[in-house]
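Here the structure is laid out as structure tokens; the discussion comes afterwards.
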Amino acid sequence: MPMPGTAPPAGALDAAARLADRLRWFFLPLALCALVAVGVHTAADVVGELILGMVDAADAAFDGLAARWTLTAPLVDLVGPSQRVFFARGVALLWELVADWLLALPMLGYDERADEVKRFRELAAKAWGRPTTLRVVHPLATGAVALAGSCAVGRLLEGTLHFSLRGAMGSAADALARGCALAAVLGLVGFIAWRAVVHALVRADARSDRIPLRRGRAFTVGLPGALLLLPLALAALRAAPLLSFLR
Amino acid sequence: MRRARSLADLALAALCLWAAWYHTPPGALLRTAFARLFGARSATPALLSYYGAGARPFQLAEPLPPRAALSPGAALGLGAQSALERTSPADRAQVLARAGLRSLSADALGDWLLREVRLQGSRESAVLSLFCGEEAARFARERAGGGRASLEELARQLPPRYADRVALAAAALTLGTAYALAWPLPDSAQVTSLFGVRAHPLLGGRRFHSGIDLGVSVGTPVRAAAEGIVRRASDDRVSGRLVLLDHGSGVSTVYCHNDALLVAPGDAVAKGQVIALSGNSGLSTGPHLHYQLDLPQGPADPLLFRAARPPQLAAGGTEP
């Protein structure tokens, strides 16, 4: 016979699990969207140098043009070196918002299936056999930013636990925070991030199927978005310090 | 089994939403909106500040009284002092007590920071140590992968509660870098036009002059005010041949109207290295160097950060 004191927690846990199970349709899309958005932000944060270089080059070209005529000469000071960082940050923000539009927002339409692994295999095989820009770039970019997002979430958890528990636990807080962060990163990659890749594959596949069968269209449809997402995906991989959780 | 997984998924979803609250632009907007709605103080920086360790524009300190040229340590100490003066007395006392300092003197802060730079291997980590504590600096340094990490990289490792302190550390580094700048020309070069609004001698009307003009003959060597990276070396009909140097920590200097440029974009330059020969190129009424100092909030008067004031032309003298 169970002790009267132990039954309620098990019951409460069971009730919470039942409630979580019923609400999966609500929180899973939100989680996917949030994870990808965090990853996109992390990537946008590290492309600052690249953007600053682009803004400097554009500013030099603009100044060269505007300085040719007396009427437009004052415009040289309007977009001067002082505003370069402001503009670079503005471009980074814009880049991030467009990437959110392309990658994160569609995650809100995620519908979970019981056979997710099978669905992933079929779509990946189709993408391999009939590649299009959309089928290749969107899932890869989603995977990269989801990985960066997982690391960012892990780091946030690690830092918060480390500095919250240090007073009470001393040096043990470091190991505990690190362990929790590593578990969170692995959990996010294993339970959330891969679903984001599956959903990106599903969307890219559906859009690719609508592309008219004309020569070259498979590669030109979605090309501007791909050119925007690829540098961000590379930056995301740079911003995903997986090994730092083991150091 | 499925229910247990649902619980795990719910916990992971909560983590994702928590991170998005702090690490996305919509999260920043929501935090600001909530703070306004409930009348709470918002620690959320401006949206664009997210790209650069939360470096925000700040009020400049009072102009430095003329004194001997500052060493890098003293300049950093002065920067830290200026940043600390912006905090509440309680916060200031906490920072000083943690560092074991009795007073808010620039010299004491400079000595403490120099010692930390030697111990930790970088100015960024030392300043972070002063404002956020040694434990936070160590934590960030270890996760960022070493002592040469930028303040941005270090700040990314810390939880959101340190955002305000990181912004102060960024301000201290900016000011410390600016106070350590050398002068690009010999001290004898006269200031022919000051920083601020003035009547433009060629374009007409009252316009903002974003730097100062120093009258020198064509061919005078122009030296880098500090070590940095050449971000721009270009030529146009207004600024003439210009060099833009990025010194890090939000500080950059611009040198306009040169006769010849001796560096190219991407070059790393040392403090005092000759980067150009002064001239009269672009929109100019006579040979001079337009020297501009840029901080995160925009152009600043280079004379505010100058130890010894150069001689000035009599009132009325201007160069574009």
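Counting only residues that are modelled with pLDDT of 80 or more and open to solvent by 60 Å² or more (accessible area, probe 1.4 Å), the stretch A:37-56 holds 1 of them. Taking the conditions (1) open to solvent by 40 Å² or more (accessible area, probe 1.4 Å); (2) free of Cβ contacts under 8 Å to residues at least 40 places away in the same chain; (3) within 12 Å of chain A (Cβ to nearest Cβ) in turn, B:ASP267 satisfies each one other than (3). Among all residue pairs at least 6 apart or on different chains, which show Cβ distances below 8 Å where the first residue, located in the stretch B:81-107, is at pLDDT 85 or above and the second is acidic (Asp, Glu)? Here the result reads B:ARG92/B:GLU85; B:ARG98/B:GLU134, each pair linking the stretch B:81-107 to a residue that is acidic (Asp, Glu). Within the stretch B:19-31, residues that are more than 7 Å from chain A (Cβ to nearest Cβ) and open to solvent by 70 Å² or more (accessible area, probe 1.4 Å) reach partners that are at pLDDT 85 or above and assigned to a helix (DSSP H, G or I) with beta carbons closer than 6 Å, at six or more positions or on different chains, in the pairs B:TRP21/B:GLY27. Taking the numbered list (1) within 12 Å of chain B (Cβ to nearest Cβ); (2) more than 14 Å from the chain's Cα centre (by Cα) in turn, A:VAL136 passes all entries but (1). Scanning the stretch B:282-302 for residues being open to solvent by 20 Å² or more (accessible area, probe 1.4 Å) and either in contact with a His (Cβ under 6 Å, 6 or more places away or on another chain) or within 11 Å of another protein chain (Cβ to nearest Cβ) (or both) gives a total of 6. When A:ALA173, A:ALA184 are checked against the criterion of being farther than 25 Å from A:MET107 by Cβ, open to solvent by less than 30 Å² (accessible area, probe 1.4 Å) and either outside any helix (DSSP H, G or I) or in contact (Cβ under 8 Å) with a residue 12 or more places away in the chain (or both), A:ALA173 stands alone in meeting it.
Say whether the condition of being open to solvent by 50 Å² or more (accessible area, probe 1.4 Å) and free of Cβ contacts under 8 Å to residues at least 24 places away in the same chain is met by at least one residue in the stretch A:239-247. So far as the stretch A:239-247 goes, yes, one or more of its residues are open to solvent by 50 Å² or more (accessible area, probe 1.4 Å) and free of Cβ contacts under 8 Å to residues at least 24 places away in the same chain. When you look at B:GLY121, is it at positive phi and within 14 Å of chain A (Cβ to nearest Cβ), yes or no? When the stated conditions are applied, B:GLY121 does not pass them. Go through the stretch A:19-33 and report how many residues are facing chain B (nearest Cβ under 7 Å) and farther than 14 Å from A:ARG113 by Cα. Summing the residues that are facing chain B (nearest Cβ under 7 Å) and farther than 14 Å from A:ARG113 by Cα in the stretch A:19-33 gives 4.
Against the list (1) closer than 29 Å to A:ALA181 by Cβ; (2) touching a Lys or Arg at 6+ places or on another chain (Cβ under 8 Å); (3) not in a helix (DSSP H, G or I), the condition B:GLU142 fails is (3). Here the condition is being surrounded by fewer than 24 Cβ atoms within 10 Å (Cβ to Cβ) and within 15 Å of the chain's Cα centre (by Cα); of A:LEU123, A:LEU157, A:LEU105, it holds for A:LEU105 alone. Looking across the stretch B:124-139, the residues that are part of a helix (DSSP H, G or I) and within 14 Å of another protein chain (Cβ to nearest Cβ) come down to B:LEU128, B:CYS132, B:GLU134, B:GLU135, B:ALA136, B:ALA137, B:ARG138, B:PHE139.
Residue-level analysis places B:ALA137 among those that are among the aliphatic types (A, V, I, L, M) and more than 16 Å from the chain's Cα centre (by Cα). Inspect the stretch B:229-245 for any residue being out of contact with any Ser or Thr (no Cβ under 8 Å at 6 or more places or on another chain), more than 9 Å from every other protein chain (Cβ to nearest Cβ) and either open to solvent by 10 Å² or more (accessible area, probe 1.4 Å) or in contact (Cβ under 8 Å) with a residue 40 or more places away in the chain (or both) and give the result as yes or no. So far as the stretch B:229-245 goes, yes, one or more of its residues are out of contact with any Ser or Thr (no Cβ under 8 Å at 6 or more places or on another chain), more than 9 Å from every other protein chain (Cβ to nearest Cβ) and either open to solvent by 10 Å² or more (accessible area, probe 1.4 Å) or in contact (Cβ under 8 Å) with a residue 40 or more places away in the chain (or both). Of the strands (runs of 3 or more DSSP E) lying entirely inside the stretch B:176-226, those containing at least 1 residues that are surrounded by fewer than 17 Cβ atoms within 10 Å (Cβ to Cβ) and in contact (Cβ under 8 Å) with a residue 12 or more places away in the chain span B:190-193, B:196-199, B:206-209, B:221-223.
The values are calculated or read from the model by the stated rules, or taken from the named source; none is laboratory data. Predicted model only: the values in this text are computed from it and were never measured. All Cβ positions, even for glycine, are placed from backbone atoms using ideal geometry, and neighbour counts span all protein chains on display. When the accessible area is computed, the model is the full protein with side chains, heavy atoms only, and any ligands, DNA or RNA have been set aside. Shrake-Rupley method; radii C 1.70, N 1.55, O 1.52, S 1.80 Å.
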